[in-house]
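> Once you've had a glance at the structure underneath, I'll fire off some questions.
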Amino acid sequence: MTIRKKIKGRIWKFGDNIDTDQIIPAEYLVTGDPEELGKHAFEKVRPEFVNKVRKGDIIVAEKNFGCGSSREHAPRALIGAGISCVVAKSFARIFYRNSINIGLPVVECSVKARDGDDLEIDFEKGIIGNMNTKEQYEFLPLPPFLLNLINSGGLVGYVKKQLKK
């Protein structure tokens, strides 16, 4: 996954305590393929998600997104479904780190939004704009090293780039 310093996308709104079993049910953990996992993202809690999600969409959630089992399959499923970023009031630490490690940008910020609203996120400036309500929100900007890691496709991609130098 490649991101720029800014992204725009349509929102999928979620509440508190979205766990990794809700993101990708356990019966699909037999593969690590993001596209295959993405076909089953949220299928038990939001069955319409898989058929309506578009490449570049953004998840906006409340507290404790990604709690539960410490599996990389959850952020990998989101990448496979086309999600470009997850914005949440707070994250389970292991989900946050797994996301960064595989190249999925995650931003801690409380954002008022509804399904279908459009967001613009500036990772360098630390600004999220809701294009529908015209409200803006601030977050701690992502440091250049973290942006580089994400733009490299995660930790493995970053290390491969460094070894080629």
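The values are calculated or read from the model by the stated rules, or taken from the named source; none is laboratory data. Bear in mind that the values here come from a model prediction, so they are computed numbers and not experimental data. Glycine also receives a Cβ, built like all others from the backbone with ideal geometry; neighbour counts cover every protein chain displayed.
> Could you tell me whether P105 is touching an Asp or Glu at 6+ places or on another chain (Cβ under 9 Å) and either over 15 Å from E62 (Cβ atoms) or among the aromatic types (F, W, Y) (or both)?
The answer is no for P105.
> Say whether the condition of being in contact with a strand residue (DSSP E or B) (Cβ under 8 Å, 6 or more places away or on another chain) and over 24 Å from R93 (Cα atoms) is met by at least one residue in the stretch 9-31.
So far as the stretch 9-31 goes, yes, one or more of its residues are in contact with a strand residue (DSSP E or B) (Cβ under 8 Å, 6 or more places away or on another chain) and over 24 Å from R93 (Cα atoms).
> Another question, then. Which of the residues that make up the stretch 138-156 are at negative phi and either touching a helix residue (DSSP H, G or I) at 6+ places or on another chain (Cβ under 8 Å) or modelled with pLDDT of 90 or more (or both)?
Of everything in the stretch 138-156, those that are at negative phi and either touching a helix residue (DSSP H, G or I) at 6+ places or on another chain (Cβ under 8 Å) or modelled with pLDDT of 90 or more (or both) turn out to be E138, F139, L140, P141, L142, L146, N148, L149, I150, S152, L155, V156.
> For the stretch 124-137, check the following and say yes or no: at least one residue is over 23 Å from E27 (Cβ atoms), in contact with a Phe, Trp or Tyr (Cβ under 7 Å, 6 or more places away or on another chain), modelled with pLDDT of 95 or more and not hydroxyl-bearing (S, T, Y).
Yes, the stretch 124-137 contains a residue that is over 23 Å from E27 (Cβ atoms), in contact with a Phe, Trp or Tyr (Cβ under 7 Å, 6 or more places away or on another chain), modelled with pLDDT of 95 or more and not hydroxyl-bearing (S, T, Y).
> Quick one: in the stretch 117-165, which of the residues that are within 16 Å of the chain's Cα centre (by Cα) and assigned to a strand (DSSP E or B) is surrounded by the most Cβ atoms within 10 Å (Cβ to Cβ)?
That would be I121.
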